[in-house]
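Chemist: If you scroll down you'll find the structure; I have some questions about it.
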Amino acid sequence: MRQSGEHPKGVWTRRRFLRWAATLTAGMAVLGPGCAGGGQPPDASARRAAPDPTGDQAYLTVVHGPDPAVITERALAALGGIERFVKPGDTVVIKPNICVDYNPPEYAATTNPTVVATLVRLCLGAGARRVSVMDMPFGGTAESAYEISGIAAAVKAAGGEMVLMNRAKYLDIATLRDRDIEKWSIYADVMTTPVLINVPIAKHHSLARLSLGLKNLLGTVARANQIHSNLGQRVADLASVIRPTLTVVDAVRILMDHGPTGGSLNDVRQADTVIASHDFVAADARAAGFFDLGADDVPFIRAAAQMGLGRVDLDGLRVEELNV
């Protein structure tokens, strides 16, 4: 597992941060690899905007079937393929939910390892230069959570890299809408990667009602426990600046109660589904239906929609639902 280096602290806008990263990268030839606290600088490429669908590409896909790899592949194919999002030479960051090391994946507290590994394989197949997978667990160490979740072994087998998130590598980034949060410390690599793929597991959450794609982004920020006041709006504020390229909701096994950590197989439902879209609000709104909830019932989905971060009304858009 790679541990990333340090970066200077301060308050940054996204544009200023990217300009700093580009300057630092240019200086590496002179300064050498120790110029940023002993580690490599972040990739200086700006995040590409999530591409809108064209032609026969779906806006959102819902695929059901018993094989997590197959349904993940088909979900991406219906969106136009991973090549719609990943270009040759890209670096890719994949953010699953690896929140704790308490239980193995069948307890549905962490993202399905086969879904994550399939995305790694697809990205590399599209020509990605490097695919990094990371999260900041709140229960147990990252190393043990990575292993017990089954994600570390699956990612390694697929050719990806598990990254230990370095607590020195957060920068204060101004949010775009600051309804509640004006700025927050966000992980540097998440802000500068050309492609960020958000891979939450669909599950109950005792404070947020649900944990889905928007909520999963809290694993990329410092002091995530301090977000829980006015949680719905604060999640949306952070999402306004993090903005993943692609969201793939793992609903293979979903945690129906006692989330986010669970602990009883009686709370787990086998749903055998993957939902995918460039629109993380739409993906979350669709996934809320597994819990008999609508977008208005989940505060962070409602707040994100009100801020114009995505769609909850998909009338007139191409939504493909497949059984494979």
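Chemist: Work the Kirkwood hydrodynamic radius out for the range 192-261: mean of 1/r over every pair of different alpha-carbon atoms, inverted, in Å.
Modeler: Answer for the range 192-261: a Kirkwood hydrodynamic radius of 12.6 Å.
Chemist: If one puts a single equal scatterer on every Cα of the range 63-132 and applies the Debye formula without solvent, what log₁₀ I(q)/I(0) results at q = 0.13, 0.14, 0.19 Å⁻¹?
Modeler: Here log10 of I(q) over I(0) equals -0.41, -0.47, -0.80.
Chemist: Here is a further query. Rg and Dmax in Å for the range 75-204, alpha carbons only: what are they?
Modeler: 15.2, 42
Chemist: Mind running the shape call on the range 250-324? Use the C-alpha gyration tensor, a ≥ b ≥ c as the square roots of the eigenvalues: rounded below 1.5 for a/c, prolate if a/b tops b/c, oblate otherwise.
Modeler: oblate
Chemist: Lys and Arg at +1, Asp and Glu at -1: add these up for the other residues within a Cβ distance under 15 Å of Gly150 and post the number.
Modeler: Counting the neighbours of Gly150, the net charge comes to -4.
Chemist: Just rank Glu83, Glu73, Glu147, fewest to most, by other beta-carbon atoms within 10 angstrom.
Modeler: Ordered from fewest to most neighbouring Cβ atoms within 10 Å, Glu83, Glu73, Glu147 come out as Glu83, Glu147, Glu73.
Chemist: With just the Cα atoms of the range 46-323, tell me how far they stretch along each of the three principal axes, in Å, largest first.
Modeler: Ordered largest first, the range 46-323 gives principal extents of 42, 41, 41 Å.
Chemist: Stretch Ala157-Asp292 to full length: gain in nm at 0.36 nm per residue minus the Cα-Cα span?
Modeler: The Ala157-Asp292 span can extend by a further 45.0 nm.
Laboratory data are not the source of any read-out in this text; all were calculated from the coordinates shown. In this text the structure is predicted, and so the values were computed from the model without any measurement. Glycine gets a Cβ as well: all are built from the backbone with ideal geometry, and neighbour counts include every protein chain shown.
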